[in-house]
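Please read the structure below before turning to the comments.
The values are calculated or read from the model by the stated rules, or taken from the named source; none is laboratory data. Everything numeric here is computed off the predicted structure, so don't read it as measured data. Here the Cβ positions follow ideal geometry from the backbone for every residue, glycine too, while neighbour counts run over all protein chains shown.
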Amino acid sequence: MDFYPMLFSHVSRCLAATTLCAAVFLVSVAGAAEKDFLPAIVYDFGGKFDRSFNQSASEGAEKFKKDTGIAYREFEITNAAQRDLAMAQLAKRGASIIVAVGFTQASAVEKVAKQFPAVKFTIIDAVVDLPNVQSINFREQESSFLCGMAAALVSKTGKVGFVGGMDIPLIRKFALGYAQGVHFVNPAAEIFENMTGTTPAAWGDPTKGAELARSQFGRGADVVFHAAGATGIGVMQAAKDSGKFSIGCDSNQNYLHPGSVLTSAMKSVDVAVYRAFSEAKAGTWKPGQLVLGLPENGVGYSLDEYNRKLLTPAIEARLQRAKADIVSGKIVVAEYKAP
Amino acid sequence: METYTLIVLLMAATIRMATPLLLAAMAGLFSERSGVIDLGLEGKMLGAAFAAAAVSATTGSVWLGLGAGILTAVALALVIGYACITHRGNQVVAGMAVTIMVVGLGPTLGLAWFNLGGQTPQLDGAGQRFTSLVWPWAETAREMPLPGLLYAELLSGQNLLVYFAAALVPFSAWIFYRTRFGLRLRAVGENPHAVDTAGISVNGLRYQAVIISGVLCGFAGTYLSTAASSGFVRDMTAGKGYLALAALIFGKWKPWPTLGACLLFAFTDALATRLQGVALPVVGVVPVQFILALPYVLTVLLLAGFVGQAVAPKAIGVPYSK
């Protein structure tokens with residue numbers, strides 16, 4: 001929020017200019033590079049350590065490095081203008097495969113993939129239809145459905161909340177799946193749905209996230225599900241501070257506040273990244289579209305020692321039954337379609 | 001009753017959101033009334049937010065964090081002071097320079113020290129954050145009708161820095177209008193030559209004002225990273241420094257009207273947060289985009305329609321030379 005728009009845009013323009021220069025030089029190398037195979041990854045807004053979406057991607061890359069000993073290059077986007085530059089730079093410097101994390105990278109991937117037809121590109125959360133691009137998407141509505149069920153099962157007030165990051169179809173997809181899951185258990189349940197903003201800044205505003213969560217608690221919600229990247233850190237903190245439950249997103253976030261995080265809607269971005277890297281190395285990498293859902297273990301909910309006490313065996317049994325029904329097609333989770 | 005609860009919760013959110021604005025605006029008030037434009041508010045806050053979170057994370061004490069936040073903000077304020085007061089540099093440029101420097105420096109140091117992509121570790125240990133203080137009988141009072149909820153939600157349950165900010169307004173007003181220091185401070189912003197003729201050091205007074213501004217920015221930044229959230233995130237001030245400056249101008253460089261402006265800005269923001277997806281009477285559910293634009297629209301309307309001319313301190317922005 002800035003009420004000093006002229007001044008502020010001036011500042012951000014200065015910053016854009018400086019970071020742009022930095023972008024050209026700062027394509028960092030994690031460890032020593034090997035000559036022939038060089039994977040690279042470009043993170044989205046929110047940053048590599050958002051404890052959510054991007055962090056999951058980074059864990060996949062780290063795992064690949066650990067298993068194979070092959071170092072990878074990485075780049076964190078801090079403003080929109082850097083994307084093309086960073087990718088082109090990585091491609092020019094000999095990257096064999098570039099994984100672009102996040103739907104906002106689609107146009108950059110399309111542009112750079114055309115310039116470098118010999119380089120393999122994998123984009124996550126978007127579809128780019130080019131002969132050297134692989135598009136990996138997830139059926140987030142399925143994991144959100146299970147989390148919605150969990151929320152409705154533990155809620156005492158019959159009111160649950162949802163905090164989204166940027167208001168985009170992908171996040172609406174989470175929200176819709178969640179709502180279906182909640183109503184599957186409790187048709188009378190009330191759901192409060194909030195979006196943090198309409199710009200990419202909405203992925204990194206924990207203060208706003210906490211405020212949104214508090215507003216939902218104030219209206220009676222006792223479980224809140226976030227799909228908001230780093231903004232979600234604030235959502236979960238607010239839930240902990242107010243003695244309510246939160247549901248994490250993308251990564252397993254149960255460990256953040258044991259006893260307060262009910263579960264996490266997992267999205268195996270790490271598996272996708274690991275898979276893209278290793279297939280590219282083995283030569284089995286194929287362009288085209290890939291959609292991962294519950295049957296492929298691409299999405300799911302997390303259960304570990306941190307939330308064992310919250311997700312009782314009774315709840316777990318219901319979730320497992322619903323999961324089996326979704327896999328077998330008995331329950332059909334509707335997908336959000338942009339109008 | 002439902003509506004009443006909503007209104008009280010809205011007021012509580014307004015107070016939480018107004019606190020950093022108010023602290024920063026009071027910081028700006030001291031600096032600007034002495035004749036030094038304070039465009040470094042954003043940078044000083046951000047620097048303090050980073051220092052407070054970093055020190056609180058490593059030492060486990062939020063009080064040491066607050067100390068570090070204040071020291072950092074004062075150091076940055078002195079940089080501005082040295083450039084603008086001692087060397088009569090351009091105040092706008094110096095303030096912006098400090099802000100831009102901190103925007104880059106915070107995440108860079110964070111990356112080097114904590115290896116978490118420019119964030120600080122999450123503060124969740126005991127004593128690492130300013131958490132809300134619950135006043136006696138708040139839970140019992142909540143059950144009571146009208147005044148009880150007000151007591152439980154508004155007076156109780158805020159953190160220490162909120163009370164500090166609230167006390168700061170009457171205290172600043174007292175300093176400005178009832179003390180010798182305040183009189184001199186106002187005079188040096190209006191007519192430094194007269195102050196100099198009276199045998200009082202203009203530069204000395206301005207340095208004092210700039211240091212006070214630094215201390216208050218330290219509180220504002222510490223509030224952001226250790227009370228409102230739990231740790232430092234890149235660009236976490238998100239323009240609040242400039243917003244505070246706008247509130248200061250809106251409040252005509254006076255403590256009480258500035259408080260009003262801060263509360264108004266915070267209220268529109270809190271309203272925007274809460275109106276999303278709520279069905280309003282007559283119009284029904286309003287689209288998210290409109291709700292998010294509401295604070296800006298309201299501010300423009302108020303600025304255009306209801307606030308008279310704001311007269312700045314006469315000597316603001318003018319370096320003093322004999």
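Descriptive notes on the structure:
- Failed criterion for B:Leu22 (all others in (1) surrounded by 24 or more Cβ atoms within 10 Å (Cβ to Cβ); (2) farther than 12 Å from B:Gly221 by Cα hold): (2)
- Check on B:Ala141, farther than 25 Å from B:Gly239 by Cα and either surrounded by 15 or more Cβ atoms within 10 Å (Cβ to Cβ) or within 10 Å of another protein chain (Cβ to nearest Cβ) (or both): yes
- The number of residues in the stretch A:213-234 that are aliphatic (A, V, I, L, M) and within 10 Å of A:Gly164 (Cα to Cα) comes to 2.
- Extreme residue, surrounded by the most Cβ atoms within 10 Å (Cβ to Cβ), among residues of the stretch A:131-161 that are in a strand (DSSP E or B) and polar (S, T, N, Q): A:Gln134
- Helices (runs of 4 or more DSSP H) fully within the stretch B:57-145 counting 3 or more residues that are within 30 Å of B:Leu155 (Cα to Cα) and over 19 Å from the mean Cα position of the chain (by Cα): B:138-143
- Matching residues in the stretch B:6-41 - criterion: being β-branched (Val, Ile, Thr) and either part of a helix (DSSP H, G or I) or away from chain A (no Cβ under 14 Å) (or both): B:Ile7, B:Val8, B:Thr14, B:Ile15, B:Thr19, B:Val36
- Within the stretch B:108-120, being facing chain A (nearest Cβ under 10 Å), in contact with a Phe, Trp or Tyr (Cβ under 8 Å, 6 or more places away or on another chain) and surrounded by fewer than 22 Cβ atoms within 10 Å (Cβ to Cβ) holds for B:Leu116, B:Gly117.
- Residue identified as at negative phi and touching a strand residue (DSSP E or B) at 6+ places or on another chain (Cβ under 6 Å) among B:Val300, B:Val288: B:Val288
- Residue within the stretch A:228-237 that is surrounded by fewer than 19 Cβ atoms within 10 Å (Cβ to Cβ), at pLDDT 90 or above, under 23 Å from B:Ala12 (Cα atoms) and not assigned by TED's automatic domain parsing to the domain that holds A:Lys66 present: no
- B:Val188 being crowded, with 22+ Cβ neighbours inside 10 Å and closer than 21 Å to B:Asp269 by Cα: no
- Helices (runs of 4 or more DSSP H) enclosed by the stretch B:201-277 - at least 1 residues per element that are at the interface with chain A (Cβ under 7 Å from one of its Cβ atoms), in contact with an Asp or Glu (Cβ under 9 Å, 6 or more places away or on another chain) and crowded, with 20+ Cβ neighbours inside 10 Å: B:240-250, B:255-275
- Members of the stretch A:69-87 found to be surrounded by fewer than 16 Cβ atoms within 10 Å (Cβ to Cβ) and either at pLDDT 90 or above or of a type in the set (Val, Ile, Thr) (or both), listed by number: A:Gly69
- Where a residue in the stretch B:123-141 is free of Cβ contacts under 8 Å to residues at least 24 places away in the same chain and its partner, wherever it lies, is of a type outside the set (A, V, I, L, M) and part of a helix (DSSP H, G or I), with Cβ under 6 Å and at least six apart: B:Ala141/B:Gly148; B:Ala141/B:Tyr151
- Matching entry among A:Asp250, A:Asp241 (being among the charged types (D, E, K, R), at pLDDT below 90, more than 17 Å from the chain's Cα centre (by Cα) and closer than 26 Å to B:Phe232 by Cβ): A:Asp241
- Qualifying residue in the stretch A:322-335 (condition: of a type in the set (D, E, K, R), free of Cβ contacts under 8 Å to residues at least 40 places away in the same chain and surrounded by fewer than 12 Cβ atoms within 10 Å (Cβ to Cβ)): yes
- Boolean, A:Gly102 is under 15 Å from the mean Cα position of the chain (by Cα), away from every other protein chain (no Cβ under 14 Å) and in contact (Cβ under 8 Å) with a residue 40 or more places away in the chain: yes
- Single condition A:Gly102 does not satisfy, out of (1) within 19 Å of A:Asp250 (Cβ to Cβ); (2) in the same structural domain as A:Gly232 (by TED's automatic domain parsing): (2)
- Of residues in the stretch B:122-137 being modelled with pLDDT under 80 and closer than 15 Å to A:Leu256 by Cβ, the one nearest to the other protein chains (Cβ to nearest Cβ): B:Asp124
- Under the condition of being of a type in the set (A, V, I, L, M, F, W, C) and buried (at least 19 other Cβ atoms within 10 Å of the Cβ), the residues counted in the stretch B:151-163 number 3.
- Evaluated against (1) more than 15 Å from the chain's Cα centre (by Cα); (2) more than 26 Å from B:Gly81 (Cβ to Cβ); (3) among the hydroxyl-bearing types (Ser, Thr, Tyr), B:Tyr163 falls short on exactly one condition, (1).
- Top-ranked residue of the stretch A:88-113 - restricted to ones that are outside any helix (DSSP H, G or I) and in contact with a Leu (Cβ under 7 Å, 6 or more places away or on another chain), ranked as surrounded by the most Cβ atoms within 10 Å (Cβ to Cβ): A:Ile98
- One residue stands out in the stretch A:178-200 among those that are more than 7 Å from chain B (Cβ to nearest Cβ) and under 17 Å from A:Phe103 (Cβ atoms): the one that is surrounded by the most Cβ atoms within 10 Å (Cβ to Cβ), namely A:Thr196.
- Test result for B:Leu149, within 12 Å of chain A (Cβ to nearest Cβ), within 21 Å of A:Gly218 (Cβ to Cβ), of a type in the set (A, V, I, L, M, F, W, C) and in contact (Cβ under 8 Å) with a residue 24 or more places away in the chain: yes
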